[in-house]
Amino acid sequence: MDSDEVEQFDYLFKIVLIGDAGVGKTCIVQRFKSGLFMEQYGSTIGVDFTMKTIVIDDKKIKLQIWDTAGQERFKTITQSYYRSAHAVLLVYDITKEKSFENIEKWLEDVRKYTGNNVLKVLIGNKCDLEQARRISTEKAKLFSEKYNMFSMIEVSAKDCCNINESFINLTKELVSLHSDSKFISNDINLVLGERERQTEERGRYGTREYR
Amino acid sequence: MTISRTPSPAPPSRNSCESCPNSPASRLRNNYKRSSSSPAGNRQKRDLKGKAILEAVDKSDVVTLKQLAISREGFINNDLRKLAWPKLLGLSENDRIERPSDEVLHAHKDYNQVVLDVNRSVKRFPPGMEEEVRLSYQDILIDVIMRVLVNNEGLNYYQGYHDVCVTFLLVVGEELTVTLMDKLSKSHLREFMDVNMDRTNHMLDYLFPIIGMVNSELRRFLELSEVGTIFALSWLITWFGHVLNEFSSIVRLYDFFIACHPLMAVYMGAAVVLDRKNEVMDCQCEMPFVHSLLSNIPPEIPLEKLVSQAGLLYIRFPPETVELEARILLENRKREQRERDARIAEMKLKRQNGSRIVKSKSADFHSKSDKAMFYSVIKWTVGGVVAAVTVAAVSKSFGLNWVVW
Ligand SMILES: Nc1nc2c(ncn2[C@@H]2O[C@H](COP(=O)(O)OP(=O)(O)OP(=O)(O)O)[C@@H](O)[C@H]2O)c(=O)[nH]1
Ligand SMILES: [Mg+2]
């Protein structure tokens, strides 16, 4: 939390996690962020923000991670956070059929509220609960291909299985996609010129960053 | 079983940040100067206030109870809260809600969501509580929530409702929690329990205008950062129960909110943001940074000072005076949404080449739901008797009693 240190980085990407309530979005983010698994984060109300810097091939990459609330009624609120996302992680629970079926609905929202070239990753969480599995890996794989997703991966926030890998693979892909433009705005809603004006006005304010 | 902790008095405000001499903060500073607070003196005042609370409970004197709830330290301790909260809400001992069968409770559409949230609510129980005790509390919590929901067809559960319920459960126990929550769900929490969050969102539309009336630069900064008001969502719908760590702070705020207008939690939010204005303005003017700064409330916020500032904000800028600006924000959001919908529809149209009917239908739907929403919002801002009483209660507590006590 050192606020005076002006951080240098090569890339900045915005990643959003969506999916039904209870599939483990918060646990995944916290596992990635701090390496810990705690059952007591509590439900997410609205949107939580986390920042994590990783280094890949000597490149310093900053990830802005938005962890959204899964309950249906929060959708209208969380949707405004999809815009300008570079990647969306669609999370389901491999032991809950419903959470997988709903991915289709979540995808519909992604189509509506993000830019065209947003990277989509399908994540099946809780793969430590093999005996309770309801969704086969093959089924999810086929689904992800059908919907043109970048990848499908099964993870466990509890056992820390594949968590770092999924973020790192995703980030590598983002880097290669955006290797010629460093500060990419993926914002479909901005009128040209407006951003320049706003950036200028914003520049008058402080430089402290909070995480 | 009751878990009773005495709240610690708030630290005196040393560095209030409002510079204007007539600002709420500076008035408050003077009040603090006048009330010297030695520990012994405080104990005496607390005893006196406790007596006043008991007396008002005996007489079912709701107006006095409101003042006592609002003024410093509210109802002081949880034994008093157990007596005062039901009275404050006009409940009598005979108000009991029968428990339906397990089948009925478990068949409710929100049952699974409730279980999911209660299972994750460990953090809301006292750290020292034994696991077995906690688990049985969690079972009761599910029961309590389901009973209220089943008793009120048409109310929808929201994530965060359990945060409110657990607060009551830990203070007043199972049966009283059911009756208290039943009442609150039809009054203060009603907007949050709609099918959707439109009215809740509109309540948050009051936040920036209130802030702007005190400090227009801060409002400009917040709007420029595009932070939105979602950082304050859990403050509003859980009455800060989701974000504050100190249980004693949470129950103290509950005293305050039960006694006041449903929008008071938004005024409180404004007071919190205004209090941190230097920190905010130092922050990089970008949504992520402002969002994470504001959504984490520091553990040692000057609670009593903020409560009184929220009350003063309410008196200076009552909801009727903020309504117009809030409505403009609502209209802006609606317009943006319509524009976005239109863009999406256009894209779809291009793809599919057809169906104009769908478009006109959805436009029609918009205007209807708008009207319904305005109607209900107007109802609770002008809200007749209740609003008047609350204004009176708030004015008294902040104008005079605050200085004395
Ligand atoms: N067995 C197992 N349980 C998990 C795993 N990840 C999360 N959980 C459990 O699932 C529950 C829900 O996890 P959260 O991370 O809170 O779910 P969420 O998707 O953030 O839910 P919302 O915030 O309500 O949208 C937690 O209480 C965890 O105990 C996992 O990998 N394995
Ligand atoms: Mg979550």
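The values are calculated or read from the model by the stated rules, or taken from the named source; none is laboratory data. Because the structure is a prediction, the values reported are computed rather than measured. Every residue, glycine among them, receives a Cβ derived from its backbone with ideal geometry; neighbour counts consider all protein chains shown. Remember, those area values only see protein heavy atoms, side chains included, never the ligands or the DNA or RNA. Shrake-Rupley method; radii C 1.70, N 1.55, O 1.52, S 1.80 Å.
Determine which residues of the range A:71-104 fall in the zone a paramagnetic label at B:Arg343 would reach in this model, i.e. backbone nitrogen under 18 Å from the point 7 Å along Cα→Cβ. From the range A:71-104, the list is A:76-88. Each label point was placed 7 Å from the Cα along the Cα-to-Cβ direction; for B:Arg335 and B:Asn245 their separation is 4.4 nm. Neighbouring Cβ atoms from other chains, within 10 Å of the Cβ of residues in A:66-74, number 5 on average. What does the C-alpha gyration tensor say about the overall shape of the range B:205-244? Classify as rounded when a/c is under 1.5, otherwise prolate if a/b is larger than b/c, or oblate. The shape class here is prolate. For the residues of B:232-241, the average number of beta carbons from a partner chain within 10 Å of their own beta carbon is 2.
From most to least packed by mean Cβ count within 10 Å, the peptides B:276-286, A:25-35, B:106-116 give A:25-35, B:276-286, B:106-116.
Quick one: pull the percent of accessible area on the range B:35-76 belonging to carbon and sulfur, 1.4 Å probe, ligands and nucleic acids left out. Carbon and sulfur: 54 percent of the exposed surface of the range B:35-76. Each residue of the range A:118-133 was assigned a 3J(HN,Hα) from its phi angle through the Karplus expression (A = 6.51, B = -1.76, C = 1.60, θ = phi - 60°), giving 6, 8, 10, 10, 9, 10, x, 8, 6, 6, 6, 8, 4, 5, 9, 4 Hz with x at Gly and Pro. Averaged over the residues of A:46-53, the number of partner chain Cβ atoms lying within 10 Å of the residue Cβ comes to 5. Reported to the nearest whole Å, the Cα centre-to-centre distance from the range A:71-135 to the range B:216-289 is 29. Amide H contacts of A:Asn125: A:Tyr92, A:Asp93, A:Ile94, A:Val155, each under 5 Å away and 5 or more positions distant or on a separate chain (H built 1.01 Å from N in the peptide plane; Pro and chain starts excluded). Taking the Cα centre of the range B:102-193 as reference, the dipole from Cβ charges on Lys and Arg (+1) and Asp and Glu (-1) amounts to some 400 debye. Ranking B:Thr177, B:Tyr161, B:Ile142 by how far each Cα lies toward the positive end of the dipole of the range B:102-193 (charges on Cβ) leaves B:Tyr161 at the top.
In summary, the lysines within cross-link reach of A:Lys14, defined as a Cα separation below 23 angstrom excluding same-chain residues under 8 places away, comprise A:Lys25, A:Lys33, A:Lys52, A:Lys59, A:Lys60, A:Lys62, A:Lys75, A:Lys105, A:Lys112, A:Lys120, A:Lys172, A:Lys182. Electrostatic bookkeeping for A:Leu63 treats Lys and Arg as +1 and Asp and Glu as -1; over the other residues with beta carbon under 9 Å from its beta carbon, the sum is +3.
One chain, two ends: B:Asn152 and B:Leu135. Fully extended at 0.36 nm per residue, the span grows by 3.5 nm beyond their Cα-Cα distance. Near B:Asn112, once Lys and Arg are set to +1 and Asp and Glu to -1 for all other residues with Cβ below 14 Å from its Cβ, the sum equals -2. A crude spin-label estimate for the pair B:Ser92 and B:Asn296, with each label 7 Å from Cα along the Cβ direction, gives 5.1 nm.
With a 1.4 Å probe on protein heavy atoms only, work out how much accessible surface B and A bury together, total over both chains, in Å² to the nearest 100. The summed interface area works out to 4000 Å².
Placing unit charges on the Cβ atoms only, positive for Lys and Arg and negative for Asp and Glu, gives the range B:198-317 a dipole magnitude near 280 debye about its Cα centre. Our coupling estimate for the range A:95-107, obtained by passing each phi through the Karplus curve with A = 6.51, B = -1.76, C = 1.60 and θ = phi - 60°, is 9, 10, 4, 4, 5, 6, 4, 5, 4, 4, 5, 4, 4 Hz, Gly and Pro reported as x.
Partners of B:Lys87 within straight-line reach, counting lysines whose Cα lies under 27 Å from its Cα and excluding those fewer than 8 residues away in the same chain: B:Lys45, B:Lys49, B:Lys51, B:Lys59, B:Lys66, B:Lys183, B:Lys186, B:Lys305, B:Lys379, B:Lys396. Put a plus charge on the Cβ of each Lys and Arg, a minus charge on the Cβ of each Asp and Glu, and nothing anywhere else: the dipole of the range B:275-349 about its Cα centre is then about 320 debye.
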